[in-house]
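Let me begin by presenting the structure, written as structure tokens, before commenting on it.
The values are calculated or read from the model by the stated rules, or taken from the named source; none is laboratory data. Note that the structure is a prediction, hence the values are computed from the model and not measured. Every residue, glycine among them, receives a Cβ derived from its backbone with ideal geometry; neighbour counts consider all protein chains shown.
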Amino acid sequence: MTQIVPQPGIMDIELYVGGKSAIAGRTDVLKLSSNENPLGPVPASVTAAAAAAVDMHRYPSTDHAGLRTAIGEIWGLEPARIICGAGSDEVLQFVVQAYAGEGDEIIHTAHGFSLYPVLIRMASATPVCVPEAERRVDVDAILGAITDRTKIVLLTNPGNPTGTRLPDAELARLVDGIPEHIVLVIDAAYTEYADGYDGGVSFAATRPNVLMTRTFSKIYGLGGLRIGWGYGPQQMIDVMTRLRQPFNLSTVQLAAAEAAVRDTDWVARCQALNADQRARLVGALGQLGIACDPSETNFVLARFADEAEAASAEAAFVADGILIRRVTGYGFPEGLRITVGDVDQTGRVIETLTRWRNAA
């Protein structure tokens, strides 16, 4: 019997497994496994989404003009060079589909976004994973992996689950070292949590081959709505827009995102809370003898002595009703990724780890 055969690479895609959201028998679960904003969504977005819901029978805008204008005003960008998608995931999919195919190579680093290999194989291209050095992006490793088949370089900055960021001088060296016929994507989902970092805007604004992607899922607390955007050269945006479905974002999504990006006071409040509690958590980990690199995101990567110790700590968290993320699949069997919560939530995490350490 003849079988229907999928495109090359599709069956090599591993199914994504998201962070757990429930513990059997508990109703007081604290979910710190998915890097979500502990303060929830931007209040103005909730109001805007509710108001927009009454028009759900109408088709949404096809050009996203209102949202692109708002992003442009807040970030000082040209709206015509902005493209919006269902999460930054979709924008990444646009660029991979537009500029790579069978026989082409796309470079990503060992601890970049886990979706990259999926997107690459969807386009029938070949993923080329390069190592990082001490949980940090290695510019020389990326440049050394470039061949005549390389079409795109995907860079997560800051990284996930490492939380580390490529220094500005090293990012500039990477941008300068990549030939202009190769696209560099700076995936900057956690930009708002990294002090003094522009997410790669300066390069996307001036270089012919650099695209920056951003999301409303993190600091704006709109992960459940799936909204993202990209900024780059006009020619690249025009090409990607040809792949974008005309109604890829709903009326509710567009209204919520526009309200969110305009609420700069809310963003500043979330930034301050995250910076304070992140420092508190990192400090506590150090006092407990648990390794942790300085983070420039809304999570920390706690590194234990070995995989068995990490499993023991995870069991202690679950016993206390706290969900964190094991990151064995990311190359850290000894690691637990912990979302930075509010004051009380961070206190619960520290109390659990302290009891666990004292009982060991």
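Being touching a strand residue (DSSP E or B) at 6+ places or on another chain (Cβ under 7 Å) and surrounded by fewer than 24 Cβ atoms within 10 Å (Cβ to Cβ) is the filter here; which residues of the range 192-209 pass it?
So the first thing to find is which residues in the range 192-209 are touching a strand residue (DSSP E or B) at 6+ places or on another chain (Cβ under 7 Å), and the list is 199-201, 203-204, 209.
Selection gives GLY199, VAL201, PHE203, ASN209.
With the structure loaded, tell me whether GLY25 is loosely packed, with under 13 Cβ neighbours inside 10 Å, under 16 Å from ILE227 (Cβ atoms), out of contact with any helix residue (DSSP H, G or I) (no Cβ under 8 Å at 6 or more places or on another chain) and not aromatic (Phe, Trp, Tyr) or whether it fails that test. Before the answer, list the steps.
Details: loosely packed, with under 13 Cβ neighbours inside 10 Å: yes; under 16 Å from ILE227 (Cβ atoms): no; out of contact with any helix residue (DSSP H, G or I) (no Cβ under 8 Å at 6 or more places or on another chain): yes; not aromatic (Phe, Trp, Tyr): yes.
It is false that GLY25 is loosely packed, with under 13 Cβ neighbours inside 10 Å, under 16 Å from ILE227 (Cβ atoms), out of contact with any helix residue (DSSP H, G or I) (no Cβ under 8 Å at 6 or more places or on another chain) and not aromatic (Phe, Trp, Tyr).
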Legend entry - Answer residue from the range 117-156, given it is touching a Ser or Thr at 6+ places or on another chain (Cβ under 8 Å) and part of a helix (DSSP H, G or I) and is surrounded by the most Cβ atoms within 10 Å (Cβ to Cβ) among those: ILE120
Inset, instruction - Inspect all residues belonging to the range 157-174 and state whether any of them is among the β-branched types (Val, Ile, Thr), in contact with an Asp or Glu (Cβ under 7 Å, 6 or more places away or on another chain), crowded, with 21+ Cβ neighbours inside 10 Å and in contact (Cβ under 8 Å) with a residue 40 or more places away in the chain. - result: yes
Inset, instruction - Search the range 129-156 for residues that are farther than 18 Å from TYR330 by Cα and in contact (Cβ under 8 Å) with a residue 24 or more places away in the chain and pair each with any residue that is crowded, with 19+ Cβ neighbours inside 10 Å and among the hydroxyl-bearing types (Ser, Thr, Tyr) when their beta-carbon atoms are under 6 Å apart and the residues are at least 6 apart or on different chains. - result: LYS151/TYR99; ILE152/TYR99
Legend entry - Hits in the range 175-190 (condition: of a type outside the set (A, V, I, L, M) and either at positive phi or surrounded by fewer than 24 Cβ atoms within 10 Å (Cβ to Cβ) (or both)): ASP176, GLY177, PRO179, GLU180, HIS181
Inset, instruction - Go through the range 88-115 and count every residue that is in contact with a strand residue (DSSP E or B) (Cβ under 8 Å, 6 or more places away or on another chain), within 14 Å of TYR330 (Cα to Cα) and either surrounded by fewer than 19 Cβ atoms within 10 Å (Cβ to Cβ) or at pLDDT 95 or above (or both). - result: 3
Inset, instruction - Search the range 95-116 for residues that are assigned by TED's automatic domain parsing to the domain that holds ARG165 and pair each with any residue that is surrounded by 24 or more Cβ atoms within 10 Å (Cβ to Cβ) and hydroxyl-bearing (Ser, Thr, Tyr) when their beta-carbon atoms are under 7 Å apart and the residues are at least 6 apart or on different chains. - result: HIS111/THR162; GLY112/THR156; PHE113/THR156
Inset, instruction - Collect the residues in the range 184-198 that are farther than 17 Å from THR109 by Cβ and either hydroxyl-bearing (Ser, Thr, Tyr) or free of Cβ contacts under 8 Å to residues at least 60 places away in the same chain (or both), keeping them in residue-number order. - result: THR191, TYR193, GLY196, TYR197, ASP198
Legend entry - Identity of the residue in the range 312-335, surrounded by fewer than 21 Cβ atoms within 10 Å (Cβ to Cβ) and β-branched (Val, Ile, Thr), that ends up nearest to the chain's Cα centre (by Cα): THR328
